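Okay, structure first, notes after.
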């Protein structure tokens with residue numbers, strides 16, 4: 001089963017998440033990166049940012065790990081570029097997992113991303129094999145909050161097309177999470 005979320009605000013209910021794979025894929029010459037900002041239900045935990053410099057751990061909360069950094073230097077692998085994030089289990093303390101794509105070269109130069117000239121897409125694949133492709137629906141900036149896995153409802157989780165874009169600047173310090181939260185809360 002596949003349900004494409006092509007428009008901002010579209011959502012798909014997800015049966016219980018035991019394991020999930022999130023794939024960022026593209027075939028254009030660009031150095032896109034997959035990242036996730038994890039928000040917790042209580043205020044005891046600060047949000048956690050998972051990306052190529054901190055790829056996470058499948059054996060520790062929030063049980064998420066990024067596999068590799070693809071497209072470095074605007075290269076394209078045969079068959080296209082792909083970065084995969086695995087969610088080993090949905091930690092009950094997790095409220096939301098915001099799935100992010102950014103154009104690293106554009107982040108470094110504080111420029112607009114090349115999203116419009118690319119076929120970049122995020123696909124969530126649940127443990128039963130069902131796929132939920134999520135396309136970026138407009139927006140400008142160098143970073144896009146493409147989708148969110150929302151675990152706040154007692155009725156179960158859902159994947160939502162967020163399509164929120166913004167411009168990250170100076171991501172070398174502790175301000176990365178704050179800047180991403182500003183895009184999310186935009």
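The values are calculated or read from the model by the stated rules, or taken from the named source; none is laboratory data. Being a predicted model, the structure only gives us computed values, none of them experimental. When we count neighbours, we look across all protein chains shown, and the Cβ atoms used for this are built from the backbone with ideal geometry, even at glycine.
Pairing residues of region 125-152 that are at positive phi with residues that are part of a loop (DSSP other than H, G, I, E, B), at Cβ distances under 7 Å and at least 6 apart in sequence or on separate chains, gives 141/112; 141/113; 141/167. Would you please name the residue that is surrounded by the fewest Cβ atoms within 10 Å (Cβ to Cβ), looking only at residues in region 94-124 that are modelled with pLDDT of 90 or more and more than 12 Å from the chain's Cα centre (by Cα)? Among residues in region 94-124 that are modelled with pLDDT of 90 or more and more than 12 Å from the chain's Cα centre (by Cα), the one surrounded by the fewest Cβ atoms within 10 Å (Cβ to Cβ) is 95. When residue 43 is tested against (1) surrounded by 15 or more Cβ atoms within 10 Å (Cβ to Cβ); (2) modelled with pLDDT under 95; (3) within 18 Å of residue 182 (Cα to Cα), just one condition goes unmet, and that condition is (1). Candidates in region 69-93 are the residues that are under 15 Å from the mean Cα position of the chain (by Cα) and at pLDDT 85 or above; of these, the one that is surrounded by the fewest Cβ atoms within 10 Å (Cβ to Cβ) is 86.
Only one of the numbered conditions (1) within 16 Å of residue 183 (Cα to Cα); (2) in contact (Cβ under 8 Å) with a residue 60 or more places away in the chain is not met by residue 96, and that is (2).
Residue under question is residue 107, and the condition is that it be under 20 Å from residue 29 (Cα atoms), part of a strand (DSSP E or B) and touching a residue at least 24 places away in the same chain (Cβ under 8 Å); does it hold? Here the answer is no, as residue 107 does not meet what is asked.
Residues to consider are 13, 30, 61; find the one that is surrounded by 18 or more Cβ atoms within 10 Å (Cβ to Cβ), on the phi < 0 side of the Ramachandran plot and more than 15 Å from the chain's Cα centre (by Cα).
30
Contact annotation: residue pairs with Cβ atoms under 8 Å, 6 or more positions apart or on different chains, pairing a residue in region 71-82 that is closer than 12 Å to residue 28 by Cβ with a partner that is surrounded by fewer than 13 Cβ atoms within 10 Å (Cβ to Cβ), are 71/77; 81/75.
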